[in-house]
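Have a look at the structure below before the remarks.
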């Protein structure tokens, strides 16, 4: 995970010290001599390097410095994304691999993209140690040059300007893709959900969730009129033009492919499927189906 460059010095030192102790203990355990009657095989060079490497909180990276996300927040982020074993998760700037490893432990296929090769090897070592190497994959790569289009869940701990730089790519992904970030937002793309954890998290303890919305801006043909929609991310505005009157829509919203809005006292809910959408409309206790096709 990657984070803000201006982390508070005392907390950074404390966090770094904790990591040093942790990894030093791991290195010590690996260093114990094998019993003479059963010589152990020598550790593979890559594994030995990974176990010896000890990252420092605040160390420089390509785009940001490294600060680990507290495991309590990692779990909260995955809960917010409603991660399942059917999901494919990409962690952009995966650091020591903790988010990818936690996702793999939940059964998901998880991929970490990290520019620092030492971090990549450390992550592979950690995944093997936790028994999830088959589901946790780490690549040394640039997040801005990587194809993560197959992801159903994306996790981030980047600076706001980097989130905004990634935003166009994310918005072109499949509707319903869930994006969860530690502490930093997406500019004027407001989150669908915000949560904060307490307890074993002292800094950077807020998570934001966005759900990639379907693209519905334009004019749609309904049996009783033309529906014109304007779209600002997941928020909709527009009007329904009928033969004898034009009515403004209200409460327009997208949740991935799910659409809802109200017009003329009638509430519409449904699902967008490319250039078509359909669902149910309700006027009081009366419910009936509706459908629309995009005008081209």
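We did not get these values from a lab; they are worked out from the coordinates using the rules stated. Source: prediction; values computed, not measured. Positions of Cβ are generated from backbone atoms using ideal geometry, with glycine treated the same way; all protein chains shown enter the neighbour counts.
Key figures for this structure:
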{"item": "Distance between modelled label sites at residue 105 and residue 164, nm, 7 Å Cα→Cβ extension", "result": "3.6 nm"}
{"item": "Gain upon complete extension [residue 84, residue 271; 0.36 nm per residue less C-alpha separation]", "result": "65.1 nm"}
{"item": "Per-residue Cβ neighbour rank within 10 angstrom, fewest leading, 224, 125", "result": "224, 125"}
{"item": "Whole-angstrom gap from segment 268-296 to segment 166-235, using each part's C-alpha centre", "result": "22 Å"}
{"item": "Computed over segment 218-294: relative contact order in percent, which uses C-alpha pairs under 8 Å that are six or more apart", "result": "22 percent"}
{"item": "Cα→Cβ-extended label distance, 7 Å offset, between residue 255 and residue 224, nm", "result": "2.4 nm"}
{"item": "Cα→Cβ-extended label distance, 7 Å offset, between residue 287 and residue 232, nm", "result": "3.2 nm"}
{"item": "Residues residue 244 and residue 149, FRET efficiency given R0 of 45 Å [Cβ-Cβ distance, rounded to 0.05]", "result": "0.50"}
{"item": "R0 of 22 Å, Cβ-Cβ distance residue 202-residue 130: FRET efficiency to nearest 0.05", "result": "0.35"}
